[in-house]
Structures are given as structure tokens and as C-alpha cells.
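Chemist: Please find one structure pasted underneath; my questions will follow.
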Amino acid sequence: MSRSKNLSEEDRVLWSLVARTATPLEGRAPPILPEAPSQPAPEAPSAAPYVAAAKPKTSSVSHVLDRPTLDKLAKGRMPIEARVDLHGMTQDEAYSLLYSFLHRAHAGGLRYVMVITGKGSSSGGDGVLRRSVPAWLSTPAFRPLVSSHDHAARHHGGAGALYVRLRRVRT
């Protein structure tokens, strides 16, 4: 029996990242990557919409957290109930993990979570995930889950992290 059947979707993504870097022992077969999850996340948009969606439109609805909530999160007076770190992932891996994380957090009744994208300055750019994740959070796939989002306070990661307010669970 395979141990991968007991892994959560988040663990499967992380395991696949680790398994790709492993070199099998001499005489052994390469590691078997777990199957795709039974309930796939919606497809990530192609690369072209990322750039277009990252630029805010003046006619669109703002998804920015209100100032009092942002201040409470920054000062620790409102708890950040969960975190997910997307460092070092491809866009497809990050999208899948982000969707499953937010879906589980929403189903669990959580309200405020943090998404760590990293600043992405190591390659001289501003970071693909840092630019893409806010755009993803505004797409139709995430709208039923996400109420609003904003950059985190400096001590929580600043521009390399986002506070996300999840919608209330309808009963």
C-alpha cells in the first residue's frame, strides 16, 4: 500500500517538489510521484493574463482590506489563523496549493490567513508569485473564498506576503 494515499493535497505538492530533487540510490527505481488530486483545482490562467490582471483597473471593485482591520492584523490584535508559504514553487504548483489551502481554510471557518509569496528579488525581477498571487485572488475561481486582501506589515513579510480575509461560511 502506498503511503501517498494518506497525504493531503498540500503535502502531495510539497512531496513532489522534494521528490524531483532526489537522486535514487544505485540499483533503485526513481521515486514515484503521487497522482493528481481527485478534485483538481481550477486551471491557472495562461501567462498573458497575469500581467494584464496585475494592473488595477479603475472601474473594478477594490479588494483591499479596510484600514482598521489592516492595523489590527499588523499589530497582532487580530489573529492570523493560518499561513501558507509558496516560496520556490512554479506558478502551477503555487496556484494549486493556494487554491486548496484557501478552500480548506474557508471550509474550516477561518477568517484571516497569510499567504507568503516571497519578494522574488534574487533574479533581479519583482517576483512572479509576488505579482501573480494578488491577481489570482481576484479571479472568479477565488471569489467565493476571498473577501479581500492586502500586503502584510513589514514584520510579517511586507511586500513578500499578503493578508487575506476569507468570506464567511454560509450556513
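Readers should treat all values here as calculations from the given coordinates under stated rules, not as data from a laboratory. Remember, predicted model here, so these are calculated numbers, not experimental data. Because the Cβ atoms are built from the backbone with ideal geometry, glycine has one as well, and the counts that use them run over all protein chains shown.
Chemist: Can you give me the distance in nm between label points at Val169 and Glu26, each placed 7 Å from the Cα along the Cα-to-Cβ direction?
Modeler: That separation, rounded to one decimal, is 5.4 nm.
Chemist: Output the antiparallel fraction of DSSP beta bridges having both residues in region 66-171, as a percent to the nearest 5. Let's see the in-between values first.
Modeler: On the way: 10 of 14 bridges.
In region 66-171, approximately 70 percent of DSSP beta bridges are antiparallel ones.
Chemist: Please list, in order, the residues from region 134-160 whose amide nitrogen is less than 13 Å from a point placed 7 Å along the Cα→Cβ vector of Arg83.
Modeler: 152-158, 160
Chemist: Quick one: dipole size for region 88-161, taken about the Cα centre, charges +1 on Lys/Arg Cβ and -1 on Asp/Glu Cβ, in debye to the nearest 20.
Modeler: Value, rounded to 20: 180 debye.
Chemist: How large is the Rg to Rh ratio of region 61-113 when both quantities use alpha carbon positions and Rh follows Kirkwood? Could the numbers behind the result be given before it?
Modeler: Values: Rg = 13.1 Å, Rh = 12.7 Å.
In region 61-113, Rg relative to Rh is 1.03.
Chemist: Next up: How far, in nm, would the chain grow between Ala159 and Asp71 when pulled straight, counting 0.36 nm per residue and subtracting the alpha carbon separation?
Modeler: Separation in residues times 0.36 nm, less the Cα-Cα distance, equals 30.1 nm.
Chemist: Non-local amide H neighbours of Ala82 (under 5 Å, H modeled in plane, Pro and chain starts lacking H): which ones?
Modeler: Placed amide hydrogens put Met114 under 5 Å from Ala82.
Chemist: Starting at 0 and stepping by 5 Å, how many percent of the alpha carbon pairs of region 80-142 end up in each bin?
Modeler: 4, 18, 28, 26, 15, 7, 2, 1
Chemist: Quick one: Karplus J couplings for region 143-151, per residue in order, coefficients 6.51, -1.76, 1.60, θ = phi - 60°, nearest Hz, x for Gly and Pro?
Modeler: Per residue, the Karplus-derived 3J(HN,Hα) values read 4, x, 9, 9, 8, 7, 7, 7, 5 Hz.
Chemist: Ok, one more. For Cα pairs less than 8 Å apart in space and 6+ apart in sequence, what is the mean separation divided by the residue count of region 66-171, i.e. the relative contact order in percent? Write out the running numbers ahead of the final one.
Modeler: Working: 152 pairs, mean separation 30.4, N = 106.
Relative contact order comes out at 29 percent.
Chemist: Determine, at each q value in 0.09, 0.11, 0.19 (inverse angstroms), the log₁₀ of I(q)/I(0) that the Debye formula gives when each Cα of region 66-171 is one equal point scatterer.
Modeler: One equal scatterer on each Cα of region 66-171 leads to -0.21, -0.31, -0.93.
Chemist: Same structure again: Quick one: which residues, 5+ away or cross-chain, put their amide H under 5 Å from the amide H of Ser147? H built at 1.01 Å from N.
Modeler: Amide H neighbours of Ser147, under 5 Å, 5+ apart: Arg165, Leu166, Arg167.
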